[in-house]
Amino acid sequence: MDEEQIYQEHVLDHYEDPYHRGRARHCTHAHEDDNPLCGDTVSIELNIDPQGRLREAYFDGDGCCISQASASMLIEKFDGRTVDEVRRFTAGDMLELFGAKLTPNRQKCCLLPWRVLQSAVFSPVKPAEGAGGKESNS
Amino acid sequence: MTDATCSPPSLDPQTIRGDFPILSKVLHGGVPLVYLDNAATAQRPRQVIQAIVETYEQHYANVHRGIHWLSDQTTDLYEQSREKVRALVNAPTPAEIIFTHGATSSINLVARSWGDANVRRGDEILLTEMEHHSNLVPWRQLAERTGAIVRHVPVTEQGTLDIEAFNALLSEKTRLVAVTAVSNVLGTINPIGEIIAKAHQAGACVLVDGAQSVPHLKIDVQALNADFLAFSGHKMMGPSGVGVLYGRRELLESMPPFLGGGSMIRRVTLDGFEPADLPAKFEAGTPPIVSAIGLGAAIDYLNQVGLDAVTRHEQDLTRYAHEVLGELGELRILGPAPEEKSAIVSFVFHGNRPHAHDVAQLLDRNGVAIRAGHHCAMPLHKRFGVNATARASFYLYNTRQEIDLLARSLQQVRQVFRRRT
């Protein structure tokens, strides 16, 4: 495998200029995880409406180009899509979305945001004093 | 074969490289391997590989068991290796050298055996912030079993131990000080002699983690008055799967056996057992026979080159690496000045971009093998506010040219990202 292929333009684009890196304004669902092997972290905040549509999708994190760029690609793809679509999106789909071929070790970097998103859609944040849909994360 | 037998003032890495088959490997269709990951594991010279092959082909049976010629042969080789280890660290007797499966298992042996027998609720175990996980987790586990308290000597911004803080943390409650002789991330050479003397004054035992020091620096357990010394074979050109625990005889004799099984007993009845004498008492089951014999060959090789010459060569490489990496102007090198450290140079790009993993991946393109990550020292990385560093670490076969290539490759790494901003 040619390592250079990993650092393709579109990967570097997402790394240097990520899509929706930040916090959701009205977060209803959130999850955070890390890759203990390398210490990379990704957190995702979502606003999911009662119809199951992702009204807002944001990520934050710290880590290598692969984990952060793949988070950006993933958030860009699913912003505005539905929970069902997230659920149907497999690990294989994620690697395909990323594009560049990865060794098994770096696949873990790429799949970290995917894992976090899969959990986030089922992780409602504790409703802050009353109804859901409030800013409740800290 | 090296011609370094007459212990020359310095070593010739080019001659030495001829002994290491793996170093002539060509990667990715055309780039030579530049192996700078020695703190993770070293490479082996042909002499060690040959000793392993020869043992399997000519001398292999189980040790201390067979009343037959082959078993005697193997036992002799195995015990000769123990004597070589004894001489390397200047232990008083070979009975105080226990073969284990690595530094980690040596430390766990002490934590389980000595620790469970000697550490009580409220006692204190003093570690440092720069320990490898293998010198943190066993003590944390011991604390969980016993109710002991674990304390940590802080690390200064320069990457050295805060000795004032050590003095203050040490008390009559301290039962054990467990400290690394050399940091596997910062390269810092710790003042082990001073630490041991002060710990003993306070009535505490000291375990020295020698995984990063024994392969590179002379150590004398009697001069240091160390209670325990743990190290691995694979970081000093020996095979993987063998390590060493040195322990002072009185301590080892007073400790209960750790693993139970064959070899570690004098006599077994259905109601009980009587443990064997040292060192067998701590070598339950079939030991890593061939790995231990291979370690003996590695020690022969190290002696032949001369450990002092190895140390001097590495000091030159470390100074040089600080110089050329410093010239890049974009790196933060963690740890003290080259004079105060062993052959380890850990760094991050300013702002941690590009990330250490991307650095390692891109260096690999040029055949340069370094380590990226937390190097099994997460608390230390937290202390320095980074979650990963890139680490280049050297050994006797590395050259200045390889460090030049590292520096050039790092410039290229920067280019991959810089062209976009």
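So the values come out like this:
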quantity	calculated
Rounded tilt (10° steps) of A:65-78 against the dominant C-alpha axis of chain A	50 degrees
Between region B:285-306 and region B:217-278, the alpha-carbon center distance in angstrom	16 Å
At least 50 Å² of accessible area lost relative to the chain alone, listed for region B:359-394 with a 1.4 Å probe	B:GLN361, B:ARG365, B:ASN387
Rg over Rh [alpha-carbon atoms, Kirkwood Rh] for chain A	0.98
DSSP-defined beta bridges in chain B - what % are antiparallel, rounded to 5	60 percent
222 nm mean residue ellipticity, helices alone, for chain B (DSSP H n ≥ 4; -39,500 (n - 2.57); rounded to 500)	-11000 deg cm²/dmol
Count of lysine pairs in chain A with Cα separation under 27 Å (8 or more residues apart, or interchain)	5
Inter-label distance for B:THR269 and B:THR93, nm, one decimal - labels placed 7 Å from Cα along Cα-to-Cβ	2.7 nm
GNM flexibility winner over chain A from A:ARG115, A:ARG106, A:ARG21 (Cα, springs under 10 Å)	A:ARG106
Relative contact order for chain B, counting Cα pairs under 8 Å that sit 6 or more residues apart, in percent	22 percent
Rg(Cα) / (2.2 N^0.38 Å) computed for region B:317-375, rounded to two decimals	1.11
Whole-number percent relative contact order across region B:16-99, with pairs defined as alpha carbons under 8 Å at least 6 apart	15 percent
Per-residue average of Cβ from other chains inside 10 Å of A:63-69	5
Rg(Cα) / (2.2 N^0.38 Å) computed for chain B, rounded to two decimals	1.01
Most mobile of B:LEU33, B:LEU328, B:LEU207 in a GNM of chain B (Cα contacts under 10 Å)	B:LEU328
Carbon and sulfur %, accessible surface of the protein assembly as shown computed with the full protein complex present, 1.4 Å	50 percent
At least 15 Å along the helix axis (C-alpha) and Kyte average at least -1.0, DSSP helices within chain B	B:69-89, B:289-305, B:307-328, B:400-418
Dipole axis of region A:33-109 (+1 Lys, Arg; -1 Asp, Glu on Cβ), positive-most option in A:CYS38, A:GLN51, A:LEU95	A:LEU95
Spatial separation of Cα centroids for region B:353-398 and region B:123-172, in angstrom	25 Å
Inter-probe distance in nm under a simple model that places probes 7 Å from Cα toward Cβ, at A:ARG81 and B:GLU323	5.5 nm
Pairwise burial A:B, computed as accessible area of each alone minus the pair, summed, 1.4 Å, Å²	1800 Å²
Solvent-accessible area per residue for chain B (1.4 angstrom probe, square angstrom)	39 Å²
Mean shadow area of region B:9-94, taken as a quarter of the surface of its Cα convex hull (nm²)	9.0 nm²
Rg/Rh ratio calculated on Cα atoms of the protein assembly as shown (Kirkwood radius)	1.02
For region B:110-243, the spread of Cα positions along each principal axis, largest first, Å	41, 32, 28
Dipole magnitude (debye, nearest 20) for the protein assembly as shown, charges at Cβ of Lys, Arg, Asp, Glu	600 debye
Proximal lysines to B:LYS218, defined as alpha-carbon separation beneath 29 angstrom and excluding residues fewer than eight positions away on the same chain	B:LYS84, B:LYS198, B:LYS235, B:LYS281, B:LYS341
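The values are calculated or read from the model by the stated rules, or taken from the named source; none is laboratory data. Just so it is clear, the model here is predicted, and its values are computed rather than measured. As a convention, Cβ positions derive from the backbone with ideal geometry for all residues, glycine included, and neighbour counts pool all protein chains shown. Only protein heavy atoms, including side chains, enter the accessible area calculation; ligands, DNA and RNA are left aside. Shrake-Rupley method; radii C 1.70, N 1.55, O 1.52, S 1.80 Å.
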